[in-house]
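Visitor: Dropping a structure here in structure tokens format, bear with me for questions.
Nothing in this text is a laboratory measurement; each read-out follows from the coordinates by a stated rule. Here the structure is a predicted model, which is why all the values come from computation and not from measurement. Here the Cβ is made from the backbone with ideal geometry for all residues, glycine too, and neighbour counts use every protein chain on show.
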Amino acid sequence: MSDLPFVAQARSFGDGVAFRTATSLHTYRQILDHSAALAVALLDGTPDLCEARVALLVTPGFEHTATQWAIWQAGGIAVPICLSATEPEWEYALTDSEATILVADPVHAARITPLARRLGLRLLDATQPAPAIPIDLPRIERDRRAMILYTSGTTNKPKGVVTTHANIQAQIESLVQAWEWSARDRIPMFLPLHHIHGIINIIGCALWTGAVVEPFARFDLPLILDRVRADAYTVFMAVPTIYVKLIEAIEASAPGDREAITSAFRRLRLMVSGSAALPASVHQQWTALTGQALLERYGMTEIGMALSNLYRGERRPGFVGTALPGVEVRLKAEHGPVITAEHEPGEIQVRGPGVFQGYWNRPEATAESFEDGWFRTGDMAVLEKGFFRIMGRLSVDIIKSGGYKLSALEIEAALLEHPLIAECAVVGLPDDTWGEAVSAAVVLKDGSLALPELRAWCKDRLSTYKIPQRLKVVSELPRNAMGKLTKPAVKTLF
Ligand code: MCA
Ligand code: AMP
């Protein structure tokens, strides 16, 4: 048996239910058994994977978690990849992380097998581990690297964020303490599992404390509302776009249904919003409808969660609260001092045991992202009456849409491959549902281009949420006297 802390935790929950779906129940013991068998298969006779990268392409649920735990117990680094990505996006993540093994379930294996074969990856089925021959699994130190998550930013291509077992444990323990998780909790999981909102905040915290997770392959609004009405949950976590969609659905429902849904939400012990700014108006609308004050928190792939409104105490609309347990947060003026006064904006910088090790194979980017040992988030904030308020990002090249962090530069690079596009600039424009809408201003070589054509062309190259929602064809892009593209001026073109 492995000595990893989450394994010890899971062992203590034994026959408690970990995953529940409409047609299945899986206990903690079953995850341990399945993951041990998969770990043996991963090791394939060797004593330790020694941080080999193992990509993971599995539907959220029992087998996904068992695979993640198997990779960790065998000594590998888990690289969860986006289920709905395009082939070029998969190829990038697999080659950049130098993955040598891919674990997939049959639903996804069919689509990725030709690519995996071309790249020479060893393929394993997440659903069918060979019967476990009892062997000693390797001893894994807590400072061993455990996970690489791809995150977009101010570079053309996403970067791999590397965290250790100790980082992951610190991120989870901070939230378990602050939000008072317990084995009595039950939570739905409908977010993608290649990002920490789903991996750490939902599955990580729930399984650390012996709670029950109900996984969904996607955000299926009617189904989830039915389960809320059936009092299936105690905790609910989502991105702002989902709360906007829930408000629309509640407002469109018949009066009897509306009362049943809103009173069911009222009975939950905790509802959290994060990954993007929750407009104060949405916060207030949700309270007016359900009586629940959403708890907004702020985090980042590189650091886990950093700031949170209070579980027992104030949840101020438009604010992200105060530093979470074990996390140090400061505001810093660019090339200036640390800000200690209220009402003075600065960059959020973070220090603590949850902060990542660095970007995979990118020592320069890693060095640039730290200042005196503090991680530079690139987000601006201000302190007002003891609570932080996010003001926006330092870079216009980062777009947040539907809770996904997108790089304008990555989308521009893809659009420039279009045979008609000579130049382009991608920006995020405010959008009531999605937070920001990906919007492209383009200069054409010749001919004409309409949005549906462009979207159809993008389908094989970019994930759905990166495909432009708005298009503006212009004769030239706005540039300053030095000839540099001015993105704020691009926004005014729409
Ligand atoms: C999809 N559509 C969009 C977008 N995405 N339109 C505009 N902007 C978008 N971003 C369109 C599709 O083209 C499609 O249109 C229709 O919406 C339905 O698409 P679908 O993919 O089915 O949408 P959905 O299932 O309703 O998804 C919405 C979603 C999803 C559930 C909000 O985007 C999501 O799961 N977001 C969460 C991502 C996340 O977990 N982020 C956390 C990262 P048509 O019907 O015309 O084809 S971690 C993080 O940020 C940090 C650390 C943190 O703090 O948590
Ligand atoms: P990611 O790289 O996907 O982890 O996204 C992290 C980014 O999401 C942060 O740098 C913020 O820009 C944004 N973010 C997360 N939570 C919030 C929030 N509550 N309010 C505003 N922005 C947020």
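Visitor: Multiply the residue gap between Q128 and V474 by 0.36 nm, knock off their C-alpha separation, and tell me the result in nm, one decimal place.
Guide: Details: separation 346, 0.36 × 346 = 124.56 nm, distance 5.41 nm.
Difference between extended and current length: 119.2 nm.
Visitor: What nm distance separates the two modelled labels at D372 and E417, each placed 7 Å from Cα along Cα→Cβ?
Guide: Taking the two extended label points, one gets 4.4 nm.
Visitor: Rounded to the nearest whole Å³, what is the per residue volume of the convex hull around the Cα atoms of the range 237-291? Mind dumping the intermediate values first?
Guide: Values: hull volume 3.7 nm³, N = 55.
Expressed per residue, the convex hull around the Cα atoms of the range 237-291 is 67 Å³.
Visitor: Using 1/(1 + (r/R0)^6) with R0 = 25 angstrom and r between the beta carbons of R269 and Q30, what's the FRET efficiency to the nearest 0.05?
Guide: Working: r = 27 Å, r/R0 = 1.07.
E between R269 and Q30, to the nearest 0.05, is 0.40.
Visitor: Just the C-alpha atoms of the range 114-202: what Rg/Rh do they give, with Rh taken as the Kirkwood radius? Can you show the working numbers first?
Guide: On the way: Rg = 17.2 Å, Rh = 16.8 Å.
Answer for the range 114-202: 1.03.
Visitor: Which GluC sites (Glu not before Pro) in the range 135-238 sit in a loop by DSSP (not H, G, I, E or B) and have at most 12 other Cβ atoms within 10 Å of their own Cβ? Can you show the working numbers first?
Guide: Details: sites: E141, E173, E180; in loops: E141, E180.
Answer by residue number: E141.
Visitor: Check cross-link reach from K487 to the lysines: straight Cα distance under 22 Å, and skip same-chain residues fewer than eight apart.
Guide: Partners within reach: K157, K400, K405, K445, K466, K472.
Visitor: Right, next: Suppose we keep just the DSSP beta bridges with both residues in the chain; what percent of those would be antiparallel, to 5?
Guide: Values: 53 of 81 bridges.
Around 65 percent of the beta bridges assigned by DSSP in the chain are antiparallel ones.
Visitor: Taking only DSSP H segments of four or more residues, each worth -39500 (n - 2.57), what value at 222 nm results for the chain once the sum is divided by all its residues, to the nearest 500 deg cm²/dmol? Walk me through the numbers on the way to the answer.
Guide: Details: 15 runs with 151 residues, N = 494.
It comes out at -9000 deg cm²/dmol, rounded to the nearest 500.
Visitor: R0 = 41 Å: FRET efficiency of T100 with E328, Cβ-based, nearest 0.05?
Guide: Numbers: r = 37 Å, r/R0 = 0.90.
It comes out at approximately 0.65.
Visitor: Additional query: Let me know the longest stretch in the chain that avoids all trypsin sites (Lys or Arg not before Pro) found in a DSSP loop with at most 16 other C-beta atoms within 10 Å.
Guide: Details: sites that count: R139, R142, R184, R218, R267, R269, R312, K385, K445, K459, K484.
The segment 1-138 is the longest one with no such site.
Visitor: Would you mind calculating the relative contact order of the chain from Cα pairs under 8 angstrom and at least 6 residues apart, reporting the percent as a whole number?
Guide: Numbers: 1024 pairs, mean separation 58.4, N = 494.
It rounds to 12 percent for the chain.
Visitor: Okay, next question. For the chain, take N as its residue count and report Rg(C-alpha) divided by 2.2 N^0.38 Å. Intermediate results must be reported in sequence, preceding the final value.
Guide: Details: Rg = 22.7 Å, N = 494, 2.2 N^0.38 = 23.2 Å.
Its radius of gyration relative to the 2.2 N^0.38 Å reference: 0.98.
Visitor: What does the C-alpha gyration tensor say about the overall shape of the range 74-224? Classify as rounded when a/c is under 1.5, otherwise prolate if a/b is larger than b/c, or oblate.
Guide: Numbers: a/c = 1.41, a/b = 1.30, b/c = 1.09.
Cα axes put the range 74-224 in the rounded bin.
Visitor: Give me the compactness ratio for the range 146-249, meaning the Cα radius of gyration over 2.2 N^0.38 Å. Before the final figure, lay out the partial values.
Guide: On the way: Rg = 15.1 Å, N = 104, 2.2 N^0.38 = 12.8 Å.
In units of the globular-protein estimate, the range 146-249 measures up at 1.17.
Visitor: Could I have the simple spin-label model distance between E344 and K157, label points 7 Å from Cα toward Cβ, reported in nm to one decimal?
Guide: Those two pseudo-labels are separated by 4.1 nm.
Visitor: Using Cα centres only, tell me the gap between the range 148-217 and the range 347-394 in whole Å.
Guide: Distance between centres, Cα-based: 19 Å.
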